[in-house]
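Heads up, the thing below is written out as structure tokens.
The values are calculated or read from the model by the stated rules, or taken from the named source; none is laboratory data. All figures in this text were calculated on a predicted structure; none of them were measured in a lab. Cβ: placed from backbone, ideal geometry, glycine included. Neighbour counts: every protein chain shown.
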Amino acid sequence: MPEVQDPSSQDTVARLLAIHGKVQGVWYRASAQAEATRLGLRGWVRNRHEGWVEALVIGPQARIDDFIDWARQGPPKADVARIEISAADADAVEGFEQRPTA
């Protein structure tokens, strides 16, 4: 019988995203939370006072790649100019949450 791999046993990585463009006031955070939850990722998303959105995504690299693909478009009213991606330390956060503006 083939062994079924537990998805939670896959290598977990964390990426910090800086999402620039028209990304505030267009439901970007709520949409990002819904997409991350759909993909089974942990982390958080928040607006930045400077006008961009910051997100920490934690999970298997393939799922993070799927989230980044989504983030390049975002919700319908967003206009993403660019995303800066860097390695990050995994937070001990459960689920995926919206955080206050920083």
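Taking GLU84, is it within 13 Å of the chain's Cα centre (by Cα), at pLDDT 95 or above and not in a helix (DSSP H, G or I)? Yes, satisfied. A Cβ distance below 8 Å, combined with a sequence gap of six or more or placement on separate chains, defines the contacts here; from segment 38-62, residues that are under 13 Å from GLY25 (Cα atoms) reach residues that are among the small types (Gly, Ala, Ser) and part of a helix (DSSP H, G or I) in the pairs VAL53/ALA32. Scanning segment 9-52 for residues that are of a type in the set (A, V, I, L, M) and either part of a strand (DSSP E or B) or crowded, with 20+ Cβ neighbours inside 10 Å (or both) yields VAL13, ALA14, LEU16, LEU17, ALA18, ILE19, VAL23, ALA32, ALA36, LEU41, VAL45. Of the set (1) in a strand (DSSP E or B); (2) touching a Phe, Trp or Tyr at 6+ places or on another chain (Cβ under 9 Å), all apply to ASP91 but (1).
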